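The values are calculated or read from the model by the stated rules, or taken from the named source; none is laboratory data. In this text, all values refer to a predicted model and were calculated from it rather than measured experimentally. Accessible surface areas use protein heavy atoms only, side chains included; no ligands, DNA or RNA. Shrake-Rupley method; radii C 1.70, N 1.55, O 1.52, S 1.80 Å.
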Amino acid sequence: MTPFLVGPVFPFLAAGLVLLAGLLLLWRGKRGRGWRRGLGFAFGGLFTLFGLALGVGATAMSNAARELEAARPAGGKLVAVGGERLFVKCEGPKGGPTLLLISGAYSSGWFLAPLHEALRGTNRSCLIDRPGTGWADPAQSPRTVETVVAELMGAVTAAGETGKIIPVGHSVGGLFAANLAQAYPDRVSAAVLLDPTPPSWFTEQQSLYGCGPTEPGGLAFWASMFGLGLVPSLNPMNAETPGSPNKALGALYPTLVNLESRPRSLAAQREALSNGCRNGLSLVRSPGALGDLPLLMIVQDQSADEIAEQMPKDLTPRQQKNWKLLRAQWTSDYVTFTSRGTLVKAPAGSGHYFVLNEPAFTLGEIRKFLASTSAASPPAVNP
C-alpha cells in the first residue's frame, strides 16, 4: 500500500491536476479554430467542472477527518508498535485474563463497544483499533496475517496487559483471534470466535475470483477518497437490512461508518485479505493446530435456502456439490483445530451481527464459556 495514495494530500493533488488539464484545454480551445475550438471548450469545461467537484469532495473528506479525530473516545490511548500507533482502551477488574475484542473487516474496534461495556463489569476487557482502522495510525505495508497478529499482541502488551489474553474476534477478527492463539500459545489461554471468517473462505475466493490485487483500487476506494462515502444515501453500509448493526450501535454508528469508509481503511483491508488468500500457510487451518486450547465458536444459523441463495452462478453440478461441502466446513473449521472446541448456533434470523443484535444471548454464552475454563471471572480489583 502506498502511504501517499491514502494520505490527505493526494486527493487535492489529483483534483488540482484535473482542474489544470481543464484550464489548459480551455486555453487551447480559445486559440483554436473550427471544430478544434468547440472540442477544446467542451472537454475543457468538463475537466474544469470535474476538477472543481473533486476539490469539493477532497475538502469535505479533509473536514470529516478532523471531525472524526475530534470524536476519539475518551479513556483510550495510542501505543506504539513497530513504527505505528494503535488505539487501545482497557477497562475492568484486573486479576484474570484480559479479553481482547477484535472487530471484523477493517472496522474500528468500537463496533464491539456494546460487548465491551457489558463485559468490563466482571472481566478485564480491551477495545483496539488496528493500523488503518478507527483512530489508529494508517497501516504500513506489507499487511499480512502475521503482521496483524504481531501488532495486536504488541499493542495490548504495550497498553500494560502483560498477563494471559483471551482474544474475542468477530468475522475477520475471529480469523485474527485464532491465528493469535497459534502464534502466542504461552499468552493466549482461550479464544472466542463470533461468526469468524474461516480459512476455507479463502479457498472459495481463490477458486472463484482469484485473490485480487494487494494495491488499493476499485470504485469504492476512489469514491471514498473524494468524500462520496460520507453521503449516507450513497454508502451501502448505511442500508438498514435485516440483521444490520445500525440500530444496535445507535448514535455511534455514523461515526464508525465514516471511519471505515476512508481510503486508508479500505486499502488496509484489501491488502491484508489478499495476502492471506495468496499465502495459505500463513493461516491456522488444520485439525489439532491449536492443541487443547479452550475455544468457543458461535456461528449464525442459516437455513438451507439462505445458503443456497449465496451459491455462485454458473457452477457445474459437481462444483455445486463441492461448494456445498465447503460451506458446511465453514461452521466447523475452527472447532476441529482444538480438542476443546465448542460450537454454538446463534438465534435464527440474528444474522452475522448477532453479537450486537442478540447481546443477551452472546454475553450469556461467553460468560458460560469463561466459567467453564480457567478463565473464570476474577475477583474485582480496581484497575
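Summary table below
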read-out	value
Surface per residue (accessible, 1.4 Å probe) for the range 128-195, Å²	24 Å²
Isotropic mean projected area of the C-alpha convex hull, the range 193-327 (nm²)	10.8 nm²
Percent of Cα pairs exceeding the 30 Å cut-off, where the set is the chain	44 percent
Those lysines that a straight Cα-Cα span of less than 26 Å connects to Lys247, excepting residues fewer than 8 apart in one chain	Lys89, Lys345
Whole-Å distance, taken between Cα centres, linking the range 134-196 and the range 263-342	18 Å
Whole-Hz ³J(HN,Hα) from phi, Karplus 6.51 cos²θ - 1.76 cosθ + 1.60, for the range 87-98, glycine and proline x	9, 10, 9, 10, 9, x, x, 8, x, x, x, 8
Phi to ³J(HN,Hα) by Karplus 6.51 cos²θ - 1.76 cosθ + 1.60 over the range 29-46, Hz, x for Gly, Pro	x, 4, 8, x, 10, x, 5, 5, 5, x, 5, x, 5, 5, 5, x, x, 4
Exposure ranking of Phe43, Phe221 by accessible area [1.4 Å probe, largest first]	Phe43, Phe221
Helix-only mean residue ellipticity at 222 nm for the chain, each DSSP H run of n ≥ 4 adding -39500 (n - 2.57), per residue, nearest 500	-14500 deg cm²/dmol
Per residue, in Å², the accessible surface of the range 38-114 once ligands and nucleic acids are set aside, probe 1.4 Å	43 Å²
Solvent exposure of the range 236-293 as accessible area per residue, Å², 1.4 Å probe	45 Å²
Tyr209 - accessible surface, heavy atoms, 1.4 Å probe, Å² rounded to 10	140 Å²
For the range 79-214, Kirkwood radius (reciprocal of mean inverse C-alpha pair distance, Å)	15.0 Å
Accessible area of the chain belonging to carbon and sulfur atoms, whole % at 1.4 Å probe	59 percent
Gyration tensor over alpha-carbon atoms, the range 281-349, equivalent ellipsoid semi-axes in Å	26, 17, 8
Accessible area in the full protein assembly, largest first, 1.4 Å probe, for Asp195, Asp186	Asp186, Asp195
Solvent-accessible area of Thr331 with every protein chain in place, 1.4 Å probe, in Å² to the nearest 10	50 Å²
For the range 47-139, the fraction of alpha-carbon pairs in successive 10 Å shells from zero, as %	16, 37, 26, 13, 6, 2, 0
